[in-house]
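The values are calculated or read from the model by the stated rules, or taken from the named source; none is laboratory data. The structure displayed is predicted, hence computed values, not measured ones. Here Cβ is always computed from backbone atoms with ideal geometry, including for glycine, and neighbour counts include all displayed protein chains. In case anyone asks, the SASA skips ligands and DNA or RNA and just uses the protein heavy atoms, side chains included. Shrake-Rupley method; radii C 1.70, N 1.55, O 1.52, S 1.80 Å.
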Amino acid sequence: MLTIYGRSNGGFCDGVSRRNFLKIGALGLGGLALPQLLAAEAAQGIRRSQKSVIMVYLPGGPPHQDMYDIKTDAPSEIRGEFRPIDTNVAGIQICEHLPRLAKIADKYAIIRSMADAVEEHSDFLCLTGKYKRNQPPGGWPEFGSVVSKVLGPTHPATPAFVGLEPKMQHNPYNSASAGFLGISHRSFRPEGEAKEDMVLNGVTLDRLADRKALLAGFDKFRRNVDASGVMNGVDTFNEQAFGMLTSNRLVEALDLAREDKKVLERYGKGDPRPRGDAAPRMPEQFVLARRLVEAGVRVVTVAFGFWDYHSNNFKTAKEDMPLFDQAMAALIEDLYQRGMDKDVSVIAWGEFGRSPTINKDGGRDHWPRVSCGLLSGGGMKMGQVIGATDRLGGEPAERPVAFGEVFATLYHNWGIDPNRTTVTDQTGRPHYLVDGHLPMRELIG
């Protein structure tokens with residue numbers, strides 16, 4: 001981990017305090033890997049699209065039939081106690097506890113028939129679009145890592161991929177990684193529990209102003225890293241990497257004190273304590289995600305709450321849904337009001353759905369046969385429902401949707417053909433970005 005500390009009584013680059021250190025990598029090597037990314041981009045002539053994706057992972061598996069697909073005609077032991085309400089799109093109804101989202105249904109699309117989940121509490125499928133079985137050496141990379149590899153950063157001062165989700169107590173919720181693409185394409189994480197971060201060989205802010213000391217620190221760090229085989233070296237693009245390390249562009253994006261208080265109020269205030277063994281309910285992360293894509297980050301991932309409702313399904317949902325409703329609706333409206341809806345795609349989903357039958361503890365159990373997702377922006381066709389489930393909400397009845405189709409659509413929005421573009425694993429073998437899935441015609445025409 002690489003950390004550059006500022007003065008204890010002052011700041012680092014425009015007032016950032018010692019406590020507000022930025023971690024380049026985990027290692028992620030965001031700053032130090034950036035020269036390689038920039039060099040590759042320059043050599044290949046990759047076009048720097050400004051499009052971005054915000055991925056909201058709902059760990060635990062949200063109850064699809066209690067959110068977007070309420071079955072009013074099902075028996076009471078399946079239907080449950082929630083009622084549907086009309087949205088601002090004729091014919092589309094969602095849960096009564098999602099009133100803010102109901103008012104802006106013309107700005108998102110609901111997928112009611114995600115059909116290829118697996119029964120495993122893990123972020124892997126939601127963040128990679130792949131299955132854990134039969135992985136190539138190094139493992140499948142997550143979406144943000146692929147985008148980092150294929151497109152690189154939009155600006156020298158911002159990483160391509162930022163992960164806002166915390167390390168969750170249930171380790172499989174943290175399964176997705178850069179895989180075979182390596183640490184140079186891991187998500188940049190501005191927060192973390194590790195405090196024994198590596199100071200850049202003693203280079204404080206005072207010495208950072210000394211170019212020779214900085215380069216000497218980089219050289220020593222590079223030699224140490226090279227000895228472990230992690231990095232092959234830092235080349236003439238060091239100047240741009242230095243620009244990322246010292247620029248206030250990313251720091252300002254992460255500083256919510258710069259955000260309009262009225263905007264923060266619209267998103268809501270969360271609880272920083274973890275929910276169950278998963279993530280806290282922090283609407284502030286949705287604001288940060290918007291600020292980061294404004295700053296040029298291509299992919300931002302967020303984890304929100306804990307949706308594994310094996311007991312007290314309805315009581316817990318009434319606690320969680322209003323917070324999600326407020327944060328998600330505020331994010332979507334914010335993107336539209338700022339004219340960012342054509343460029344920024346938002347996807348919110350969990351690893352699977354919940355069982356149609358309510359169990360003896362008033363909960364719903366794991367149900368991978370069908371689940372749901374909500375998509376917004378990206379210039380896609382909004383104000384629609386894609387797919388349908390049967391009367392009991394247990395099986396896809398119309399238009400089963402694969403996770404890979406959603407990923408193919410997101411890549412398509414960048415102008416990337418996921419069935420022609422490849423990334424190479426550790427053995428030199430190329431892999432297509434998706435497993436033969438096409439972009440969803442309902443969303444892109």
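So which residues in the range 317-357 are surrounded by fewer than 20 Cβ atoms within 10 Å (Cβ to Cβ), touching a residue at least 60 places away in the same chain (Cβ under 8 Å) and not in a helix (DSSP H, G or I), if there are any at all?
ASP343, THR357 - these are the residues of the range 317-357 that are surrounded by fewer than 20 Cβ atoms within 10 Å (Cβ to Cβ), touching a residue at least 60 places away in the same chain (Cβ under 8 Å) and not in a helix (DSSP H, G or I).
Within the range 407-444, which residues are hydroxyl-bearing (Ser, Thr, Tyr) and either closer than 27 Å to ILE110 by Cβ or under 20 Å from the mean Cα position of the chain (by Cα) (or both)?
THR409, TYR411
Kindly provide the set of residues from the range 359-382 that are assigned to a loop (DSSP other than H, G, I, E, B) and crowded, with 24+ Cβ neighbours inside 10 Å, ordered by number.
ARG364, VAL370, GLY378
May I ask you to list the residues in the range 88-140 that are aromatic (Phe, Trp, Tyr) and touching a helix residue (DSSP H, G or I) at 6+ places or on another chain (Cβ under 7 Å)?
Of everything in the range 88-140, those that are aromatic (Phe, Trp, Tyr) and touching a helix residue (DSSP H, G or I) at 6+ places or on another chain (Cβ under 7 Å) turn out to be TYR108, TYR131, TRP140.
Conditions: (1) open to solvent by less than 10 Å² (accessible area, probe 1.4 Å); (2) part of a loop (DSSP other than H, G, I, E, B); (3) without any contact (Cβ under 8 Å) to a residue 40 or more places away in the chain. ASN134 meets all but one. Number of the miss?
Checking ASN134 against (1) open to solvent by less than 10 Å² (accessible area, probe 1.4 Å); (2) part of a loop (DSSP other than H, G, I, E, B); (3) without any contact (Cβ under 8 Å) to a residue 40 or more places away in the chain, the one that fails is (1).
Those residues that are closer than 14 Å to LEU374 by Cβ and in a loop (DSSP other than H, G, I, E, B), I need them from the range 64-90; list them, please.
Answer for the range 64-90, where residues must be closer than 14 Å to LEU374 by Cβ and in a loop (DSSP other than H, G, I, E, B): MET67, TYR68, ASP69, THR87, VAL89.
Is it fair to say LEU438 is out of contact with any Cys (no Cβ under 6 Å at 6 or more places or on another chain) and crowded, with 22+ Cβ neighbours inside 10 Å?
Judged against the criteria, LEU438 is not a match.
Tell me, which residue of the range 154-177 that is touching a residue at least 40 places away in the same chain (Cβ under 8 Å) and among the small types (Gly, Ala, Ser) is most open to solvent (accessible area, probe 1.4 Å)?
Among those that are touching a residue at least 40 places away in the same chain (Cβ under 8 Å) and among the small types (Gly, Ala, Ser), it is SER175.
Report whether or not THR427 is open to solvent by less than 50 Å² (accessible area, probe 1.4 Å), closer than 23 Å to GLU142 by Cα, out of contact with any Phe, Trp or Tyr (no Cβ under 6 Å at 6 or more places or on another chain) and touching a residue at least 60 places away in the same chain (Cβ under 8 Å).
So THR427 fails the test.
Looking at ASP116, is it among the acidic types (Asp, Glu), open to solvent by 10 Å² or more (accessible area, probe 1.4 Å) and in contact with a Ser or Thr (Cβ under 9 Å, 6 or more places away or on another chain)?
Taking the combined requirement at face value, the residue does not satisfy it.
Go through the residues of the range 362-369 one by one and say whether even a single one is of a type outside the set (A, V, I, L, M) and over 25 Å from SER113 (Cβ atoms).
yes
Take the residues in the range 302-316 that are open to solvent by 30 Å² or more (accessible area, probe 1.4 Å) and touching a strand residue (DSSP E or B) at 6+ places or on another chain (Cβ under 7 Å); name whichever of them is nearest to LEU264 (Cα to Cα).
The extreme case among them is ASN312.
When you look at ASN224, is it assigned to a loop (DSSP other than H, G, I, E, B), at pLDDT below 95 and not aromatic (Phe, Trp, Tyr), yes or no?
no
Every residue in the range 65-86 that is under 22 Å from GLN326 (Cα atoms), open to solvent by less than 20 Å² (accessible area, probe 1.4 Å) and out of contact with any Cys (no Cβ under 7 Å at 6 or more places or on another chain), please.
Hit for the range 65-86 is GLN65, nothing else.
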